[in-house]
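J.: Structure incoming, see below.
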Amino acid sequence: MQLAFAIAVTLPLLATSCRTVPAPPTVDPRIQRIDGFVRRAFGTGVTPGLGVAVVSEGRIVYSAGLGHANVQEAIPVTDSTLWYVASTSKSFTGFGVALLEAAGEIDVNAPIARLLPRATWHPDARPDELTLASFLAHTHGLSSGPLVLSAAYTGAFPEEDFNQLLAFSSPLPSRDLNYSNIGYNVASMVIAEKHADGWKAYLDRNVFAPAGLRDIHHRVTGVPERRIAKAHELRADGSYEAHPFLKRDRTMNAAGGHVGSIADLARWTILHMDDGRLDGRQVFPAQVVRRSHEILGRHNRMFAYFQRDGWGFGWDIGSYDGEPMVSRFGSYTGFRSHLSMLPARRVGVVAQVNSEPGWRLTDIIAAYAYDVFLGRNDADARGQARLASLVTRLEARCVRV
């Protein structure tokens, strides 16, 4: 009787014990490989700070923050570090235009003179022949002029003066695709023409808020300075010196004017990789996301390891090793931003550095992550060769200095 009682009591306890002991976590070997490579890449010393995220199947599967956001003040890179994304901002502005088009508020193929009735154009610009699509695609054939200089660097003129500054953007020899900022400054003017509170408020209300992207900012006022990664210069002795963050609210423009956390940049990538879905819900209509990835202007060139076939609504459209690729990079005085995805494979990469010698590191890390997810047998050999080439260039630069 006592034995039977003991057995009756012990069996339920054993069952309960088995249920409460968690199974050992399953570690994706691909993520282990990527983490090892990211740490080796950072160990080359080409940048004082590095932020990386890999997204797959609708979620962030890897994230790392290494080094310093500011070496002089010993501020480490953390999850809350805000990185300047430079021309990656064009993906936000372009998508805002795609939403306006979907709402029937604008026709991107209408003459730009009709969309900006208050603008003053260079006498040879022919604004009746140019469309907003040509500005988005960099096929407008106009020079940057003082508008871009003020918007990105000096802040000498407020945005309400941009309509007059267009008069100084003279025609180029052709309307072939020629990358510049002016197309997305013009796009922001079109948004402001339709929404009196301006392009920044429009993106906040219609892009960032619906997606829950609370850590992407188009101004520096109100943002704790310690959160913003600083650009660094490589000294002759191989150490790095931090520089003040040069951007101010007036130069945070639609072609290059946001700081963001790695997590929110990764979530932006997921949204575009997964046809507007995020966290199990349809944030934006799939057809609008797909529309923003349509080519508006074609070209044919390689950038680092990536083929570019043309420009969409703020995105480069092309491929990596034959896989369709959507991407947007950016650079500015020490910063480099890399945001890309292979939509058919549902994998994407965000990488940020804060020094010019490390710019290519963002592309090397992204290419390695894609090689791993694509199952390339030579992923490690390719990655190591690219790292070695980068280090060789850095060593040669230090010798020259």
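The values are calculated or read from the model by the stated rules, or taken from the named source; none is laboratory data. Just so you know, these numbers come straight off a predicted model, no measurement behind them. All Cβ positions, even for glycine, are placed from backbone atoms using ideal geometry, and neighbour counts span all protein chains on display. These accessible areas exclude ligands, DNA and RNA; they are computed on the full protein's heavy atoms, side chains included. Shrake-Rupley method; radii C 1.70, N 1.55, O 1.52, S 1.80 Å.
J.: Taking a 1.4 Å probe, which of S144, S337 shows the most accessible area, and what order do the others take after it? Could the numbers behind the result be given before it?
T.: Working: S144 40, S337 0 Å².
From most exposed to least exposed: S144, S337.
J.: Here is a further query. Run down the aspartates and glutamates and flag those whose C-alpha is under 13 Å from the C-alpha of K200, throwing out any fewer than 8 positions away in its chain.
T.: Counting by Cα, and skipping residues close in sequence, K200 has these aspartates and glutamates nearby: E159, D249.
J.: Dividing the alpha-carbon radius of gyration of the range 284-401 by 2.2 N^0.38 Å (N being the number of residues), what value is obtained?
T.: Numbers: Rg = 15.5 Å, N = 118, 2.2 N^0.38 = 13.5 Å.
Scaled against compact globular proteins, the figure is 1.15.
J.: So which aspartates and glutamates pass the test for K90, namely a Cα distance under 12 Å, with those fewer than 8 places away in the same chain ruled out?
T.: Straight-line reach from K90, under 12 Å: D316.
J.: Need the C-alpha centroid separation for the range 135-173 versus the range 231-309, integer Å.
T.: Computed from Cα coordinates, the inter-centre distance equals 22 Å.
J.: Right, here's the next one. Averaging over every viewing direction, what projected area does the convex hull of the Cα atoms of the range 280-337 cover, in nm²?
T.: Projected area, direction-averaged: 5.6 nm².
J.: Please report Rg (one decimal) and Dmax (integer) in Å for the Cα set of the chain.
T.: Cα-based Rg and Dmax for the chain come out at 24.0, 106 Å.
J.: Remind me, relative contact order of the chain in percent, using alpha carbon pairs under 8 angstrom and six or more residues apart? Don't skip to the answer; put the middle values down first.
T.: Numbers: 782 pairs, mean separation 89.0, N = 401.
The value is 22 percent.
J.: Which of the listed residues, N253, F284, S319, is farthest toward the dipole's positive end in the range 248-378, when Lys, Arg count +1 and Asp, Glu count -1 at the beta-carbon?
T.: Farthest towards the positive pole: N253.
J.: Moving to a separate point now. Choose one answer from T333, T93, T362: the residue with the largest mean-square fluctuation in a GNM of the chain with alpha-carbon springs under 10 Å.
T.: T333
J.: Normalised radius of gyration for the range 47-106, please: alpha carbon Rg relative to 2.2 N^0.38 Å, two decimal places.
T.: Values: Rg = 16.7 Å, N = 60, 2.2 N^0.38 = 10.4 Å.
Normalised Cα radius of gyration, the range 47-106: 1.60.
J.: Principal axes first, then extents: for the Cα atoms of the range 75-169, list largest minus smallest coordinate on each axis, whole Å, largest first.
T.: The Cα atoms of the range 75-169 stretch 51, 34, 22 Å along the principal axes, largest first.
J.: Name the trypsin sites (Lys or Arg not before Pro) in the range 54-141 that are in a loop by DSSP and that have at most 11 other C-beta atoms within 10 Å, would you?
T.: In loop regions of the range 54-141 (DSSP not H, G, I, E or B), the sparsely surrounded trypsin sites (Lys or Arg not before Pro) are R118.
J.: Another question, if that's okay. Can you tell me the dipole magnitude for the chain around its Cα centre, using point charges on the Cβ only (Lys, Arg +1; Asp, Glu -1), in Debye to the nearest 20?
T.: Values: 42 positive and 39 negative charges, 125 e Å.
Here the size comes out at about 600 debye.
J.: Which log10 I(q)/I(0) values does the range 169-302 give at q = 0.13, 0.15, 0.20 Å⁻¹ under the Debye formula, counting every alpha carbon as one identical point scatterer?
T.: Normalising to I(0) and taking log10 leaves -0.79, -1.00, -1.34.
J.: Sticking with this one: For S261, what is the net charge nearby, where nearby means another residue's Cβ is under 10 Å from its Cβ and Lys, Arg count +1, Asp, Glu -1? Walk me through the numbers before you get to the answer.
T.: Numbers: positive: R214, R227, R267; negative: D79, D215, D264.
Once all neighbours under 10 Å are counted, the net charge is 0.
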